[in-house]
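Visitor: Here's a structure for you.
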Amino acid sequence: MENNITAANLRSAHGGESMAYQRYRVWGERARSDGFPNVGRLFDAIAYAERVHAANHFGQLKDVAGDFNVNAMAGFGLGSTSENLQGAIAGENYEIEQMYPAFMAVAELQNEKYAHRVFKWAWEAEKIHSKLFSDAKAKVDQGQDIDADPVQICSVCGYTELGEAPDVCPICGAKKDKFVEF
């Protein structure tokens with residue numbers, strides 16, 4: 001897989017998800033300092049989901065070694081909590097609308113079934129992240145924090161759920177004990 005387009009896409013996705021993890025951690029700190037502790041926790045939880053995605057992409061490259069120039073989409077900047085949420089929404093929507101559909105199509109064309117699977121898992125989770133960030137932004141723009149529901153993250157695929165963890169992850173089929181609560 002080292003020299004095919006799917007491998008390059010996995011490296012790019014790993015880079016982008018790794019940067020999202022770090023960005024969301026910083027933005028979570030900002031949300032707490034802006035008086036939105038639950039939005040901060042949401043950023044922390046989704047950061048963990050992005051870390052899961054990055055690890056899944058990295059894991060698909062287990063037989064690849066060496067240095068590679070990695071091109072990854074990433075937003076930069078630290079603004080208000082509302083601005084940071086808008087940045088998160090834009091990043092998630094880029095992954096939903098452009099990045100993961102293209103990466104899945106190439107993986108399918110190259111018969112890279114496992115890479116396709118982890119791309120699809122991330123794509124499905126990103127749809128949820130976009131909605132959660134959009135809902136949070138609407139509240140923050142009204143000067144309110146989001147509700148204090150626990151945020152559950154599947155440690156296998158990054159699926160995200162508010163409230164109680166499901167018995168079985170609807171994306172990857174992992175059992176309830178694979179969820180991490182924030």
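Visitor: Return the only residue of Phe68, Phe58 being modelled with pLDDT under 95, assigned to a helix (DSSP H, G or I) and over 20 Å from Asp141 (Cβ atoms).
Guide: Numbers: Phe68 fails: assigned to a helix (DSSP H, G or I).
Sole residue among the options that is modelled with pLDDT under 95, assigned to a helix (DSSP H, G or I) and over 20 Å from Asp141 (Cβ atoms): Phe58.
Visitor: Going residue by residue through segment 103-118, is there one that turns out to be surrounded by 19 or more Cβ atoms within 10 Å (Cβ to Cβ), β-branched (Val, Ile, Thr) and either farther than 23 Å from Lys62 by Cα or modelled with pLDDT under 95 (or both)?
Guide: So far as segment 103-118 goes, no, none of its residues is surrounded by 19 or more Cβ atoms within 10 Å (Cβ to Cβ), β-branched (Val, Ile, Thr) and either farther than 23 Å from Lys62 by Cα or modelled with pLDDT under 95 (or both).
Visitor: Identify, from the list Ala13, Ala20, Ala49, Ala31, the residue that is in contact (Cβ under 8 Å) with a residue 24 or more places away in the chain, in contact with a strand residue (DSSP E or B) (Cβ under 6 Å, 6 or more places away or on another chain) and either outside any helix (DSSP H, G or I) or surrounded by 24 or more Cβ atoms within 10 Å (Cβ to Cβ) (or both).
Guide: Among Ala13, Ala20, Ala49, Ala31, only Ala49 is in contact (Cβ under 8 Å) with a residue 24 or more places away in the chain, in contact with a strand residue (DSSP E or B) (Cβ under 6 Å, 6 or more places away or on another chain) and either outside any helix (DSSP H, G or I) or surrounded by 24 or more Cβ atoms within 10 Å (Cβ to Cβ) (or both).
Visitor: Additional query: Mind checking whether some residue in segment 94-102 is over 16 Å from the mean Cα position of the chain (by Cα), over 19 Å from Ala31 (Cβ atoms) and part of a helix (DSSP H, G or I)?
Guide: Yes: one or more hits.
Visitor: Take the conditions more than 18 Å from the chain's Cα centre (by Cα) and not hydrophobic (A, V, I, L, M, F, W, C) and apply them to Lys127. Does it pass?
Guide: no
Visitor: Restricting to segment 106-120, what's the tally of residues that are more than 14 Å from Tyr159 (Cα to Cα) and either assigned to a helix (DSSP H, G or I) or touching a residue at least 24 places away in the same chain (Cβ under 8 Å) (or both)?
Guide: Of the residues in that region, 10 qualify.
Visitor: Under the condition of being modelled with pLDDT of 95 or more and of a type outside the set (A, V, I, L, M, F, W, C), which residue from segment 71-90 is surrounded by the most Cβ atoms within 10 Å (Cβ to Cβ)?
Guide: It comes out as Asn84.
The values are calculated or read from the model by the stated rules, or taken from the named source; none is laboratory data. Predicted model only: the values in this text are computed from it and were never measured. Neighbour counts run over all protein chains shown; Cβ positions are idealised from the backbone, glycine included.
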